[in-house]
1. Once you sort the root eigenvalues of the Cα gyration tensor of chain B as a ≥ b ≥ c, which label holds: rounded (a/c under 1.5), prolate (a/b larger than b/c) or oblate (the other case)?
2. Any chance you could run the full-extension gain for residue A:330 through residue A:441? It's 0.36 nm times the residue separation minus the Cα-Cα distance, nm to one decimal.
3. Quick one: go through region A:370-399 and flag any residue whose amide nitrogen is under 19 Å from the point 7 Å out along the Cα-to-Cβ line of residue A:315.
4. Report the FRET efficiency, 1/(1 + (r/R0)^6), for residue B:12 and residue A:538, where r is their Cβ-Cβ distance and R0 is 45 Å, rounded to 0.05.
5. In what sequence, highest mean first, do A:150-160, A:87-97 appear when ranked by Cβ atoms within 10 angstrom?
6. Hey, in the GNM for chain B with a 10 angstrom Cα cutoff, which one of B:49, B:27, B:36 fluctuates hardest?
7. Using Cβ counts within 10 Å as a stand-in for footprinting exposure, how do B:37, A:461 rank, fewest first?
8. Which whole-angstrom value gives the distance between the alpha carbon centres of region B:246-260 and region B:130-173?
């Protein structure tokens, strides 16, 4: 017994402790982020860069921890008083956590570090505020555009022309999108049943998350009033949005659509990040997506980015891996074609110092650079062709998602990842030093490109457009900067409201009741929940708007 | 007397690591969750006492009732099906047939597969476009349904999938079957009982304590079902597979309404207690313990 007590006391005195305070002259801070795998490695590069430069100079060391369910873990650790000093959350949590006092107000810190409103695109900076106070800093961000499969459009060119549509461009209005979709829909009879084989378009893809709840943005709807005290689900705009969704179920038939959708749903997660992504497989000709889709195209179906590249350049890209250090110029030319010729590679001026010569070969969406020292390969690398130039080779295109309201253009739902400082963090100044470093143009643009997302900054560098993996980054960036780019509604219980809107979508698809009934049900429930969250009397704002009445 | 107290003290000291652990990590959280169920609590702000408000709100919460209905519906399907299938398999595996050990292993193996993995496999099996099940049905000219996206089929699909993991129950039944005295089968055979007669009059009564154990465990398990629907359907379509445990989880960790979630947890506990109590009450008439 005495031994057990002694062992317990020894553990208490000498046992492990969280390493959160200064060790020597250096202050250790904890940075938790949701990114895992390659994305975590890329974030770690920023941490390493900070630790070896600004951190070294100012005596700050960042410990990076990648984890799942970061929102819950951040909240619980904040409540327990042992939070990370920097946490990488989603925009969904900003209002929810700020309203609970879980986040540190950042206005003063941000001002001192030059992270001012003018530096950011409007929609992202606004999304980081709650009641006029800044609680988060945008990290990588996104906007949503319409992706269209040019190849399917060409395969269906006759049908599209017969419907009076141009197969060489994306639809520009919602009415046009519906017509394109109907002309592209392909049915087959299998097992005695007529099945939808290829859909031109279907609303509410199973894996669009918040994007599905925000479909009404393209109809000009407001989901809540500006101060976030009233839910507005029964407006004519909301009615138009969900009636449009319902229209697809009515046109294609609810069972056929249910079967088609379930072919590429994967329970909670969806298949957008897998080789079964319906747009990549060719089951859907158009879909709303973020810039990240390029990462999955490059990983699972790179041919979509290389549909129109001359075969010799395509081969050259493949041969890049065969280049080995020590190979002679003749051997390299045998693989990649002649150097120093208008059709092949050519020397890149100025010469690399030290007698080395660098040659460049065009390879479709990439350019291959090979450095020779003493006539032998000493280094090789590839760089993207500028994004805009890559578009000519793509089998797909990106365009603003058409709006359902005449004159309402470049509408997009804009979302983001954010960095926050939990309110019980012990090293807030040091945490902000790191966030400011990570928000520097070179760092944030590199991270955004690596993650195949967008930059939150109001001005992008030319290098960013050159090196971004998405050929249509200009389309997505223009949408993000548009005055009609809209973030999440200003509701502190948005996760719950988003779930309810998900139900509205599901019920519309299943043709359960009328659109007005479905929206009225959701309005009542959402307002009741919001009243509860805001501590308002239970019957506040329970009157319905004109549509339902 | 002194020595008895000393002995008692030693006993307490030896069980104290468990006792401290139980009090700190089980009893106190349970007690505190009851207090939270009477509060508005979001983790960050101190809990604010609101009396029975959370329980009253639950009474008027249609999603709560829908989740309760779904949970009972699932239990009503899985409980008898699971008991019958596992008992039937155990009785078949108890028969002397060539390769019996292999059959037993095959039946037990799915229980060793992590739930997430088997859910992913089943999602592919049930995929209406590419899934094995619908491809086979199509070959027989039977149109397969969209299993997981049709509200009418999603729950039966989950129930079907739950039978995949009956291996544990089968092993317990098999162990119980080894305890059935062979003389009783011989006596029944002499009395003219056939295969079914021996199963009904000998096997089932003597196995009834094991059946009862599995029933109680199944009641608790099915009422708390979470992982499979969370992974396979996320509660959809249109909340047709949304269970009490999922609503509780969402309220606690997505909507951050810890008080409301705690109230729900206590109601779930009462439901489990009531059904388990019912099972115990009825057991007097159908569970037969050997030697009593």
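No value in this document is a laboratory result; all are computed from the given coordinates. Just so it is clear, the model here is predicted, and its values are computed rather than measured. Ideal geometry is used to build each Cβ from the backbone, glycine not excepted, and the neighbour counts take in all protein chains shown.
1. Values: a/c = 2.15, a/b = 1.15, b/c = 1.87.
Here chain B falls in the oblate category.
2. Numbers: separation 111, 0.36 × 111 = 39.96 nm, distance 4.13 nm.
Full-extension gain reported as 35.8 nm.
3. Once the point is set 7 Å along Cα→Cβ of residue A:315, nothing inside region A:370-399 turns out to lie under 19 Å by backbone N.
4. On the way: r = 50 Å, r/R0 = 1.12.
So the FRET efficiency works out to roughly 0.35.
5. Working: A:150-160: 17.6, A:87-97: 24.3.
Descending mean neighbour count gives A:87-97, A:150-160.
6. B:27
7. On the way: B:37 23, A:461 13.
Lowest to highest Cβ neighbour count: A:461, B:37.
8. 30
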